[in-house]
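One structure below.
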Amino acid sequence: MKTRYFTEVSTLTVPQFTGISNVVSELSKWLLSNRPDSSCFFIENSIIDTAIVMKALEARSGLPFGDQIKQITWGTLENALEKHTYNANVGLFGGIKQKIRSKFDYEAQIIYDLTYVVVPELHHRHTVVAHAHSIEEDVLSNDLNICISDWTRQDLCDYVGADRGKCMVSHLGYDIEEPQPRDDVEPYYLMLGTIEPRKNHALVLRAIRERPEWLQGRKLVVAGGDGWGPSFKSMISQYGLDGLLGRQVYHFGFCSNQMRAKLLRNARGLIYPSIYEGFGLPVIEAMAVGTPVVTSRSSSLPEAGGSAAFYMDPTSVDELVSAVSALETTLNDAAAAAKLRQKMSEHVATFSWDKFCTAIVSRIEHDVLPA
């Protein structure tokens with residue numbers, strides 16, 4: 001007896017895979033490699049040609065879907081569910097279910113965070129409305145809630161009333177890069193992430209204004225497009241730092257995966273002072289290439305950083321400056337720096353996309369297949 005997997009792939013139609021689309025991409029690739037004869041893909045009520053999905057996965061882009069989504073389908077979801085005689089038809093959702101609920105024998109959904117419920121002030125109103133109204137209905141129809149951190153699982157139980165027995169934790173993996181030497185560049189600290197209140201760029205800019213000594217002899221590179229809320233340029237003006245833009249502070253918009261990897265590899269350190277995260281993947285990505293991390297002692301970030309990160313209160317300029325100072329002291333001591341890099345290497349070795357996917361499928365098959 002076999003389990004048939006139906007993966008919802010609307011998140012793969014975006015031009016460039018990031019965030020959720022990257023997670024769905026990794027899960028889809030794993031299923032095609034490990035369950036090739038029992039994997040198919042759908043958007044809304046249409047089964048999608050697997051060959052098109054594979055092209056998108058290879059390109060890390062939804063452009064192969066184009067505007068011809070209705071011409072590249074293999075029929076309707078209802079017909080597919082009736083046609084196949086498997087032990088169980090499993091629906092896998094990497095994003096919100098978009099009213100496709102209770103169609104499968106077993107439904108599993110990845111839950112990233114509950115920021116729109118716990119801290120709605122850190123989100124655009126439309127995001128709060130879109131997600132807050134759907135999360136309860138989604139969770140009630142799920143046989144399995146796949147949480148990307150213990151923190152997210154606890155929030156799901158506390159705020160939505162999810163059955164803990166129907167929740168599991170599977171930490172995200174990261175893209176493993178071939179080891180490359182660092183380029184000879186001026187030392188800089190890197191911030192990664194969309195410019196929005198939750199990412200807390202304002203604290204770092206306030207620290208530059210109030211405690212400028214911490215960035216002396218260093219640059220700050222900010223990589224991420226403007227999201228909702230004040231733009232990066234407007235925040236620079238708000239804190240009176242216009243004269244530093246393009247001289248000591250540099251802002252790039254959206255970065256390709258190649259540019260992102262290069263920025264991480266060459267950075268003196270990653271500063272990730274987010275107020276709230278479902279996991280905090282950039283923390284792992286930085287450590288994986290040997291770049292130390294300063295991050296918040298809040299939400300799920302200690303799960304991502306373990307004992308290998310430098311922690312701070314995301315509301316405190318003084319703690320940010322102290323954490324960066326501790327990082328600098330460590331890097332300036334050869335023995336301490338080597339010990340830190342070893343600790344980071346051991347920590348990130350516990351995360352991988354294979355572990356993420358294997359844990360999910362193992363739990364599903366434990367639940368649906370006869371003992």
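Just a few scattered comments:
The rows are residues; the columns are (1) touching a Ser or Thr at 6+ places or on another chain (Cβ under 8 Å); (2) of a type in the set (A, V, I, L, M, F, W, C).
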| site | (1), (2) |
| --- | --- |
| Thr7 | yes, no |
| Ser10 | no, no |
| Gly19 | no, no |
| Leu27 | yes, yes |
| Leu31 | yes, yes |
| Asn45 | yes, no |
| Asp49 | yes, no |
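- When residues of region 181-214 are limited to those that are aliphatic (A, V, I, L, M), free of Cβ contacts under 8 Å to residues at least 60 places away in the same chain and in a helix (DSSP H, G or I), the one nearest to Val119 (Cα to Cα): Ala202
- All of (1) out of contact with any Ser or Thr (no Cβ under 9 Å at 6 or more places or on another chain); (2) without any contact (Cβ under 8 Å) to a residue 40 or more places away in the chain; (3) under 27 Å from Ile271 (Cα atoms) hold for Ser134 with one exception: (3).
- Residues of region 130-143 classified as among the aliphatic types (A, V, I, L, M) and over 22 Å from Ser299 (Cα atoms), total: 2
- Residue in region 229-246 that is more than 28 Å from Ile146 (Cα to Cα) and among the charged types (D, E, K, R) present: yes
- Scope region 15-54; condition more than 18 Å from Trp353 (Cα to Cα) and part of a helix (DSSP H, G or I); matching residues: Asp37, Ser38, Thr50, Ala51, Ile52, Val53
- When residues of region 246-285 are limited to those that are in contact with a Ser or Thr (Cβ under 9 Å, 6 or more places away or on another chain) and free of Cβ contacts under 8 Å to residues at least 60 places away in the same chain, the one surrounded by the most Cβ atoms within 10 Å (Cβ to Cβ): Val283
This table checks each residue for (1) at pLDDT 85 or above; (2) surrounded by fewer than 19 Cβ atoms within 10 Å (Cβ to Cβ); (3) in the same structural domain as Phe279 (by TED's automatic domain parsing); (4) aliphatic (A, V, I, L, M).
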| site | (1), (2), (3), (4) |
| --- | --- |
| Val90 | yes, no, no, yes |
| Gly94 | yes, no, no, no |
| Gln98 | no, yes, no, no |
| Lys103 | yes, yes, no, no |
| Gln109 | yes, no, no, no |
| Tyr112 | yes, no, no, no |
| Leu122 | no, no, no, yes |
| Thr127 | no, yes, no, no |
| Ala130 | no, yes, no, yes |
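The values are calculated or read from the model by the stated rules, or taken from the named source; none is laboratory data. Remember, predicted model here, so these are calculated numbers, not experimental data. All Cβ positions, glycine included, derive from the backbone under ideal geometry; neighbour counts span all protein chains shown.
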